[in-house]
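Here's the structure we're looking at; comments come further down.
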Amino acid sequence: IEYVCRTTGFTHDQFFLNLSQYANTSSASILLALWDAYKQGWLAPGDRLALIGFGSGLTWGGVVVDWTLES
């Protein structure tokens, strides 16, 4: 996250982090973070989200989503 902030210009306030609550939940990490962000009011219709995950070795994946669900 530090590297992404430095290289993209995003700020820490633009990242939703719940690692301290759950630790590493592997493949469920993105869905848990998305659910927590929704429940905590972080998401509003029209928001654009980058959902990015990584695994062992050099595996990674991501998707950009336009949020439409009302809170």
So if I check each of T68, T7, which one is assigned to a helix (DSSP H, G or I), polar (S, T, N, Q) and more than 14 Å from the chain's Cα centre (by Cα)? T7
Filter the range 25-49 for residues that are surrounded by fewer than 13 Cβ atoms within 10 Å (Cβ to Cβ) and of a type in the set (A, V, I, L, M, F, W, C); the one that is modelled with the lowest pLDDT is A28
Residues of the range 12-61 satisfying the condition of being under 10 Å from the mean Cα position of the chain (by Cα), part of a strand (DSSP E or B) and closer than 15 Å to I1 by Cα: A50, L51, I52, G53
Listed by first then second residue, the pairs whose first member lies in the range 1-22 and is surrounded by 12 or more Cβ atoms within 10 Å (Cβ to Cβ), whose partner is at pLDDT 90 or above and of a type in the set (V, I, T), with beta carbons under 8 Å and at least 6 positions apart or on separate chains, are C5/T11
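The values are calculated or read from the model by the stated rules, or taken from the named source; none is laboratory data. Predicted, not measured: the structure shown is a model, and the values here were computed from it. Positions of Cβ are backbone-derived with ideal geometry, glycine not excepted, and every protein chain shown enters the neighbour counts.
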